[in-house]
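Below is one structure, written out as structure tokens; comments come after it.
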Amino acid sequence: MEAIKIAVCDDEKNIRSYICSLVRKQGVECEVTEYATAEDYLLAGADYDLLFLDVELKGQDSSMDGMEMAKRIRGMEDIKQPIIIFVTGYEKYVYDAFDVGAFQYLLKPIDEGRFAEIFRRAAQQAGQGKRVLMVQYGNTGKTIPLSDIYYMESQNHKIAVHMKDGIFEYYAKMSDLEEELQGQFCRVHKGYLVNLSYVDEYNKTEVTLTNGDKLLISKYKYEDFVKAYLRFMK
């Protein structure tokens, strides 16, 4: 896999340095660039796979915080959209993070175990970012990056694809999709096919995704799901 291009944007130099050191501890080939302000990042015009972004971003002569910067990035259609991981000292920003399609968030002071888990998932997604689902409906074709899909739901002969920017429905068989997407997706219930990149936590009755959605796990699927998830996380 090519080196993952990572940006760290935080107005505190010690925090930037700390995050960079944590990234390098993960043993993944990567290129890391630091930015002190939103303006510095945007003016650089560089494409990144992964962005660690301080929500409370400030700086000399800077009027743009991290949330505003993320909204600006998401509105730029001519650039590669990075996986965004927010870094914040306040839990109150957590739900706002998902409004701009953030992958996850880290609370300060950073828990290194949680950092390693989130980074691993983000790095996997960055490496799989080119994989797509080809959809045919009527005489029209549509290409959906797998990294945009949280899960798929079976609804009366249709498949509802739950994505970062909404829900898309088309006619397909869940069994066909399960076979096509094995490895990155797992059937947790007769009605749900889940993107393992977005599994946040699970128990014997349900799986919680990083966007907050909770899906039922069939008792007949639980053991296979755990095996698939552990393989995916290696």
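Note on LEU43/SER21: beta-carbon distance plugged into 1/(1 + (r/R0)^6) with R0 of 25 Å gives a FRET efficiency of 0.45. If the chain linking GLU31 and GLU178 were pulled fully straight, counting 0.36 nm for each residue of separation and taking away their Cα-Cα distance, it would gain 49.5 nm.
Pairs exceeding 27 Å between alpha-carbon atoms, taken from LYS190/LYS214; LYS92/LYS158; LYS5/LYS92; LYS25/LYS92: LYS92/LYS158; LYS5/LYS92; LYS25/LYS92. Computed from the Cβ-Cβ distance with R0 of 35 Å, the FRET efficiency linking LEU216 to GLU56 stands at 0.40. Placing pseudo-labels 7 Å out from each Cα toward the beta carbon at GLU169 and GLU117 gives an inter-label distance of 3.5 nm. Straightening the chain between VAL226 and VAL135 buys 29.9 nm, computed as 0.36 nm per residue apart minus the Cα-Cα spacing.
Taking only the Cα atoms of the chain, the radius of gyration and Dmax are 18.4, 58 Å.
On full extension, the segment bounded by ASN14 and ASP96 gains 27.0 nm, given 0.36 nm per residue less the C-alpha separation.
Take the Cα of HIS157, step 7 Å toward its Cβ, do the same at LYS142, and the gap between the two points is 1.9 nm.
Where a number appears in this text, it was derived from the coordinates with a stated rule and is not lab data. Being a predicted model, the structure only gives us computed values, none of them experimental. We place every Cβ from the backbone using ideal geometry, glycine too, and count neighbours over all the protein chains shown.
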